[in-house]
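Below is one structure, written out as C-alpha cells, with a few remarks after it.
The values are calculated or read from the model by the stated rules, or taken from the named source; none is laboratory data. The model shown is predicted, which means the values in this text are computed figures rather than measured ones. Because the Cβ atoms are built from the backbone with ideal geometry, glycine has one as well, and the counts that use them run over all protein chains shown. We work out accessible area using only protein heavy atoms, side chains counted, and drop any ligands, DNA or RNA first. Shrake-Rupley method; radii C 1.70, N 1.55, O 1.52, S 1.80 Å.
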Amino acid sequence: MKLMNFCALIFSLILVVGCSSDDDSGSGGSNSPISGKSFGVNFTMQGGSADEAVFFNVDSYTIQVSTVSLGCDAPQSSIVAEIICPSSLGVHTNNVYATFYDSEGDFQTIGTNNRVEITSNSGGRLKGKVNVPGLGSYNMTGTFDVPFCD
C-alpha cells in the first residue's frame, strides 16, 4: 500500500511539473520580447529606449518599442508603440498607457486593463514586462530591456 501511495505521489508531481509552462501567458504577459499588433500589423520588438517624465502629475517612465535594434538612435519611424507607467519598481495597473503608431503618423492610445512590471532600473537600463490586451488591432505582451536616453 505504501508503494502505491508513493507511486501516486510521484505521478502527481510529474504531472504538475510536466504541465507547467515557462511562458506565462496570464495577466503578467509573455516572457519573450514584446510582440503584438499596431494598426493590425504584427510586430516584434528589436530595440527601444526609456526616458523619465511627468505624466498627469505622476513621475513616469516612457518606454519606446522599436522594430530596429538601434536603441537611443532608432529613427522615429521605427517606433511602433510607447508605454507610459509610474517610475518605480513593481507591478503597475494604474496610470499605465500604451500608444500605438503607424507609418502614416496616426496613433491609438489604450488606457485600460494595461499591466507593466518594472523589475530593474540599474546600469542605465530599464527592464520589465508588459501586457496590453488592448483591442483586436492594438495589443502587445512581453519583456523589455532598454537603455535610458537623454
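Brief remarks on what is shown
- Of the numbered criteria (1) surrounded by 14 or more Cβ atoms within 10 Å (Cβ to Cβ); (2) closer than 20 Å to ASN121 by Cβ; (3) touching a residue at least 24 places away in the same chain (Cβ under 8 Å), the one GLY90 fails is (1).
- Scope region 115-133; condition touching a Ser or Thr at 6+ places or on another chain (Cβ under 7 Å) and more than 12 Å from ILE63 (Cβ to Cβ); matching residues: ARG115, ASN131
- Subset tally (residues that are more than 12 Å from PHE39 (Cβ to Cβ), assigned to a strand (DSSP E or B) and of a type in the set (Ser, Thr, Tyr)) for region 95-126: 5
Listed here are the residues, each with its yes/no results for (1) out of contact with any strand residue (DSSP E or B) (no Cβ under 6 Å at 6 or more places or on another chain); (2) within 17 Å of SER30 (Cα to Cα); (3) among the β-branched types (Val, Ile, Thr).
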residue	(1), (2), (3)
GLY71	no, no, no
ALA74	no, no, no
VAL80	no, no, yes
PRO86	no, no, no
GLY123	yes, no, no
GLY128	no, yes, no
THR141	no, yes, yes
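- SER66 falls short on exactly one of the conditions (1) touching a helix residue (DSSP H, G or I) at 6+ places or on another chain (Cβ under 7 Å); (2) open to solvent by 20 Å² or more (accessible area, probe 1.4 Å), and that condition is (2).
- Qualifying residue in region 43-51 (condition: within 24 Å of ILE118 (Cα to Cα), at pLDDT 90 or above and not in a strand (DSSP E or B)): yes
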